[in-house]
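Taking it in order: structure first as structure tokens, then the write-up.
The values are calculated or read from the model by the stated rules, or taken from the named source; none is laboratory data. Here the structure is a predicted model, which means the values were calculated and not measured. FYI the Cβ positions are ideal-geometry reconstructions off the backbone, even for glycines, and counts take in every protein chain you see.
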Amino acid sequence: QAHVGFRRRVVTGRRLATWTIKGEGGVVRGVVSRPEIELELDADMPPALALDALRDAARTRGAPVLAEQVADALAVGGLPMAKPLLETETHRRILNLEAADRGWSAELALDQVQLIGHKIAEHEIEVELKRGDESALDAARDAISQLGDVTESKGSKLSRALAHLRECHCTS
């Protein structure tokens, strides 16, 4: 069974939202690698239409396996809900990292994440490789580790939020 993430990111002051599908991936030394497709679409677009547009984009952008994973997930779970399963509020600071001599470009994001309606919040450091090879991620990880103790995350923000919802016995 495919595990696919489907997200709508709304940024205050922007008319369009970033809709994303994320496929299954792997974790090596705390670094997650997975296929991902993003589109800027209307924030109020019905989720099923956004998902269709993302699947088409996956097919045309060289990620047909991700499009198939979405189709498999839909076959098992049906269309996405009109209302979100959960909502988070993220305060994000972004730093662009460049090492032109090595052909590296990465985005460092410092996230403070709050699960809406719950007393759970966490901090996360995320590095996304924009250009270059995975040694850029190793270099970023090593630099971050020199600042202090770093704990590798146990899954994605979504999987950690879902785990909290299963375990919290909350009324929210």
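Could you count how many residues in the stretch 151-162 are surrounded by fewer than 16 Cβ atoms within 10 Å (Cβ to Cβ) and in contact (Cβ under 8 Å) with a residue 60 or more places away in the chain?
The qualifying residues number 2.
Of all residues in the stretch 81-126, how many are farther than 18 Å from L158 by Cβ and either among the aliphatic types (A, V, I, L, M) or in contact with a strand residue (DSSP E or B) (Cβ under 7 Å, 6 or more places away or on another chain) (or both)?
Summing the residues that are farther than 18 Å from L158 by Cβ and either among the aliphatic types (A, V, I, L, M) or in contact with a strand residue (DSSP E or B) (Cβ under 7 Å, 6 or more places away or on another chain) (or both) in the stretch 81-126 gives 16.
Restricting to the stretch 127-169, name every residue that is of a type in the set (S, T, Y) and at pLDDT below 85.
Hits for the stretch 127-169 are T151, S153, S156, S159.
Kindly list the number of the only condition in (1) outside any helix (DSSP H, G or I); (2) closer than 23 Å to F6 by Cβ; (3) touching a residue at least 60 places away in the same chain (Cβ under 8 Å) that fails for L165.
(1)
Restricting to the stretch 1-49, and then to whatever is in contact with a Lys or Arg (Cβ under 9 Å, 6 or more places away or on another chain), within 20 Å of A71 (Cα to Cα) and among the hydrophobic types (A, V, I, L, M, F, W, C), can you tell me which residue is modelled with the lowest pLDDT?
Filtering first and then ranking leaves V4.
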